[in-house]
Amino acid sequence: MKKTFLLTLVAAFATLAMAKTDIVFDQPAGNLKSYTRLGRANSLSGSGIAETEQSGYIYLVYATDGSGDIWVKDPISLYNTGAWVKGKLSEDKKSFKVPVGQHLSYSNTEDDYCFMGVGTVSGNSLTYDASVTEVEYTIDDNVIHLRSDMDTRNSPTKKLGVFWEKDKEYQGYADWASAYIDMDYNPENPVDYTQPIAQVPEDLETSTYAMMLMDLTFDNEGKVSGRELLQTDANVGFKDGMVYIQGLSGMVRDGWVAGTVSGNTITIASGQYQGTYNYNGTDYPVYLLGCDSETEEVKDIVFTYDPENGTMELEEGLWLVDNADPNAIEMAFGVYESVMLLPGEDAGNTIPADLQTEDYMMMLFDLSFDNEGKESGRELLQATVKVGIKDGKIYIQGLSGYNQEAWAVGTVNGTVVNIPAGQNMGTYNYNGTDYPVYLLGCDKETEETEDLMFIYNAEEGTLELLESLWMVESPGLSTADGVFAVYDSVYLIKVGGENAITNVETKTAGNAPIYNLQGMQVKNPQKGIFIQNGKKFVKK
């Protein structure tokens, strides 16, 4: 007799089954919809087959190409291998049928498939019924029901179960009296999921907007424990009173949402599907939600819109959430506040009209590397930059060696200045091709991308890049590969300040001890910036 396997083993077999081409693990194309799962179920336990309640969600994909195809993920509630089975929607969209026999997993140990089938109840087991070739589900407004002969809750004659293919032996998992509830259903405005949601008009003209937002982190009690300023871009198009935005989701950058424009308000219906996000090897659906920051109640996503300047700002008191459920904030992959969109790729670094700036001298080493990636040389460079601080933000013009007119924007928190990685510095023409230039921080040891972190001394008027970091100009937003320039020992000092550099010479004067910028005494200083008699000088 063939073994029955607990779900933990079944999941492992499902992984092995990835090479079996007739098992569908990738989410099919179409509109994904989640339903709350109700009904009865059988599952395996240590003592055998147990009866329990269905729970959680079931996911259906409705094809939007007119084929009438419909896909169901994990059709037996407690047999979760991630497999999709295919069915066909009726013309009136009031029911759909799914052929049995579709494979759900494969066991290398048994060299056999497990498939979905219908069995006649026999005690606590099922006897496979080969006469049943398909199962039918009815769609009644917001409820999907399994066919009538498996609808009896207490004494069903048949159940939808899992069977081994070779001998048709019952595997131990089954469903009956199944009801899938659409908690989003609105009888006054029902959604036809066979029609594309957030469909982008073919003739839609879009432009690139810079998007700035605060990415929130939470502690174990669910309270906000951190905020990180992020900058990216989004595609935005307006047509016939509608707005279409691609890139609002932080998890699925290709996802689109559609909303309405009314005067100074843009409203985007909450729960629009964005795609899937892989977490720990599992693909989860991602929906974009609005969320009340106080009550965590799901709400529509509302932006305050300035048509004259083209800016969009998330309504105060709202969070923007990447979530695995379209209805409730239960599994959030990302929570964002203070979301603002501004027209133009570099608009995210818009400088306040009343910003007051001061000149700073910037000194750094431009590094060169050999073919093996090892540092082969460093050249001391010096330039003048402008620095302005306003409302907790810092604005620096001239950090980039390729476009000294570009501004970088960060935050000031006491003695720490944080400039988010990935800010656009314009373009660099190389061999006749224009490449975007992004400013990144880079860990010297791991070469992983990080934000630029400076130690700020307001009294002395200095900004010093953390010793563990390089400043990098790169053609990629999130990688330090193929960089245009790498800078070390980046140091900014206010021109004319009390701590300003007084000497730029090849030899130091005096016999007083000499220290580097880390405060360590140096007997024979080479190239760099040093301190002697309380004053800074450059050794060339």
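The values are calculated or read from the model by the stated rules, or taken from the named source; none is laboratory data. Since the model is a prediction, treat every value here as computed from it, not as a measurement. Quick reminder, even Gly has a Cβ in these numbers, built from the backbone with ideal geometry, and neighbours come from all protein chains shown. Side chains included, ligands, DNA and RNA excluded: accessible areas come from the protein's heavy atoms. Shrake-Rupley method; radii C 1.70, N 1.55, O 1.52, S 1.80 Å.
Quick notes
- Sub-9 Å Cβ pairs linking a first residue in the stretch 309-321 that is farther than 15 Å from Ser249 by Cα and without any contact (Cβ under 8 Å) to a residue 12 or more places away in the chain to a second residue that is of a type in the set (Gly, Ala, Ser) and not in a strand (DSSP E or B), at least 6 apart or interchain, are Glu316/Ser293, ordered by first then second residue.
- Any hit, the stretch 190-208, residues being under 19 Å from Val85 (Cα atoms), without any contact (Cβ under 8 Å) to a residue 60 or more places away in the chain and open to solvent by 50 Å² or more (accessible area, probe 1.4 Å): no
- Apart from one condition, Glu228 fits all of (1) outside any strand (DSSP E or B); (2) surrounded by fewer than 20 Cβ atoms within 10 Å (Cβ to Cβ); the exception is (1).
- Looking at Ser122, Ser105, Ser77, just one residue is small (Gly, Ala, Ser) and surrounded by fewer than 17 Cβ atoms within 10 Å (Cβ to Cβ), and that residue is Ser122.
- Of the set (1) within 29 Å of Ile301 (Cα to Cα); (2) out of contact with any Phe, Trp or Tyr (no Cβ under 6 Å at 6 or more places or on another chain), all apply to Leu381 but (1).
- One residue from Gly310, Gly317 being open to solvent by 20 Å² or more (accessible area, probe 1.4 Å) and either polar (S, T, N, Q) or at positive phi (or both): Gly317
- The stretch 21-45, subset under 30 Å from Gly255 (Cα atoms) and surrounded by fewer than 15 Cβ atoms within 10 Å (Cβ to Cβ), residue modelled with the lowest pLDDT: Thr21
- Scope the stretch 125-141; condition more than 16 Å from Asp167 (Cβ to Cβ), in a strand (DSSP E or B) and open to solvent by 50 Å² or more (accessible area, probe 1.4 Å); matching residues: Glu134, Glu136, Thr138, Asp140
- Qualifying residue in the stretch 98-120 (condition: of a type in the set (Asp, Glu), more than 20 Å from Asp26 (Cβ to Cβ) and in a strand (DSSP E or B)): yes
- Residue match in the stretch 191-209 (condition: at pLDDT below 85, over 18 Å from Tyr244 (Cβ atoms) and charged (D, E, K, R)): yes
- Search result, residues across the stretch 46-74 that are in a loop (DSSP other than H, G, I, E, B) and either more than 35 Å from the chain's Cα centre (by Cα) or surrounded by 15 or more Cβ atoms within 10 Å (Cβ to Cβ) (or both): Gly46, Ser47, Gln54, Ala63, Thr64, Gly68, Asp74
- In the set (1) over 29 Å from the mean Cα position of the chain (by Cα); (2) outside any strand (DSSP E or B); (3) surrounded by 14 or more Cβ atoms within 10 Å (Cβ to Cβ); (4) not polar (S, T, N, Q), Glu405 fails one condition alone, (3).
- Qualifying residues in the stretch 360-374 (those that are within 20 Å of Glu450 (Cα to Cα), in a strand (DSSP E or B) and not aliphatic (A, V, I, L, M)) - the one least open to solvent (accessible area, probe 1.4 Å): Phe365
- Test result for Thr81, part of a loop (DSSP other than H, G, I, E, B) and in contact with a Ser or Thr (Cβ under 6 Å, 6 or more places away or on another chain): yes
- Candidates Leu399, Leu381 - the one that is open to solvent by less than 30 Å² (accessible area, probe 1.4 Å) and either of a type in the set (A, V, I, L, M, F, W, C) or in contact with an Asp or Glu (Cβ under 8 Å, 6 or more places away or on another chain) (or both): Leu399
- Residue match in the stretch 330-347 (condition: assigned to a loop (DSSP other than H, G, I, E, B), at positive phi and not polar (S, T, N, Q)): no
- Scan the stretch 429-449 for residues that are open to solvent by 70 Å² or more (accessible area, probe 1.4 Å), closer than 13 Å to Val472 by Cα and either in a strand (DSSP E or B) or touching a Cys at 6+ places or on another chain (Cβ under 9 Å) (or both) and the total you get is 1.
- For the stretch 172-189, the candidate set comprises residues that are open to solvent by 30 Å² or more (accessible area, probe 1.4 Å) and of a type in the set (D, E, K, R); within that set, the residue that is nearest to Gly241 (Cα to Cα) is Glu188.
- Residue count for the stretch 227-249, restricted to those that are in contact (Cβ under 8 Å) with a residue 60 or more places away in the chain and of a type in the set (Ser, Thr, Tyr): 2.
- Residues within the stretch 445-496 that are of a type in the set (Asp, Glu) and free of Cβ contacts under 8 Å to residues at least 12 places away in the same chain, tallied: 2
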